[in-house]
1. Does Asp98 satisfy the criteria of being buried (at least 20 other Cβ atoms within 10 Å of the Cβ), on the phi < 0 side of the Ramachandran plot, at pLDDT 95 or above and of a type in the set (Asp, Glu)?
2. Output the number of the condition that Val66 fails; it satisfies all remaining conditions of (1) surrounded by 20 or more Cβ atoms within 10 Å (Cβ to Cβ); (2) under 20 Å from Thr156 (Cβ atoms).
3. Hey, among Leu35, Leu48, which residue is touching a helix residue (DSSP H, G or I) at 6+ places or on another chain (Cβ under 9 Å), aliphatic (A, V, I, L, M) and more than 17 Å from Gly72 (Cα to Cα)?
4. Taking region 118-139, which residues are closer than 18 Å to Ala185 by Cα, in a loop (DSSP other than H, G, I, E, B) and not hydroxyl-bearing (Ser, Thr, Tyr)?
5. Out of the residues in region 108-122 meeting the condition of being at pLDDT below 95, crowded, with 17+ Cβ neighbours inside 10 Å and not basic (Lys, Arg), tell me which one is farthest from Gln147 (Cα to Cα).
6. Which of the residues belonging to region 164-188 are more than 17 Å from the chain's Cα centre (by Cα) and either among the basic types (Lys, Arg) or at pLDDT 90 or above (or both)?
7. Quick one: in region 33-59, of everything that is part of a helix (DSSP H, G or I) and among the acidic types (Asp, Glu), which residue is nearest to the chain's Cα centre (by Cα)?
8. Among (1) at pLDDT below 95; (2) part of a helix (DSSP H, G or I); (3) of a type in the set (S, T, N, Q), which single condition is Gln93 missing?
Amino acid sequence: MSLHHIIHNATQTLIDHVEELTELDQAIGDGDHGLNMKRGSQAIQAKLPELQDASLNDTLKALGKVCVATIGGSSGPVFGTLLITLGKELPEQPAARDFAPALRASIEALTRLGKAQVGQKTLLDVLDPVQKELALGGADLLSRVKQCAQDSALATADMDATRGRSSFLGDRAKGHIDPGSRSMALIIGSVCDSLAST
């Protein structure tokens, strides 16, 4: 499966889950996360034809800039920085072993950007365990990474929110999944499914 199909599938997954993401964000945020991710996903899909002959690195960096420009709130810079850093860190033709260090660099970039840490009910709480799973390698890696992302997003419901708008809710944020973490898990799950089908 081509890179563009993988990206299209991931963004379409976000579009298809817009109502779920909206409901999650209505509970502990502004309520606009779903629509913001849908807007960014549609912008990415519209940009893909222009990148038909671009390398993996240039594609990721270009789509990161699309995220920054089109996704509202803090999610634009966050998802944009993630893609741009991956585009800088991954080799032109990456092997499975290349993704763990590239994702570690992305996590470090996001930590600098948002001053957030693992355990503060953000998408870092999905990216960090997924990065560690990738670093292990071995059999059934794609299914393990997908399950890790899903489980990690669910686990944010039990965390105290100390960053972002949900931090103002105190204990009321408990019991609610972090919307950004859910989006990240959806993206990772879709990418894993696409790669598994090749």
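The values are calculated or read from the model by the stated rules, or taken from the named source; none is laboratory data. None of these values were measured; they are calculated from a predicted model. Positions of Cβ are generated from backbone atoms using ideal geometry, with glycine treated the same way; all protein chains shown enter the neighbour counts.
1. no
2. (2)
3. Going through Leu35, Leu48 in turn, the sole match is Leu48.
4. Across region 118-139, the qualifying residues are Val118, Gly119, Gln120, Lys121, Leu123.
5. If we take residues in region 108-122 being at pLDDT below 95, crowded, with 17+ Cβ neighbours inside 10 Å and not basic (Lys, Arg), then Gly114 is farthest from Gln147 (Cα to Cα).
6. Passing the criteria: Arg165, Arg172, Lys174.
7. Asp58
8. (2)
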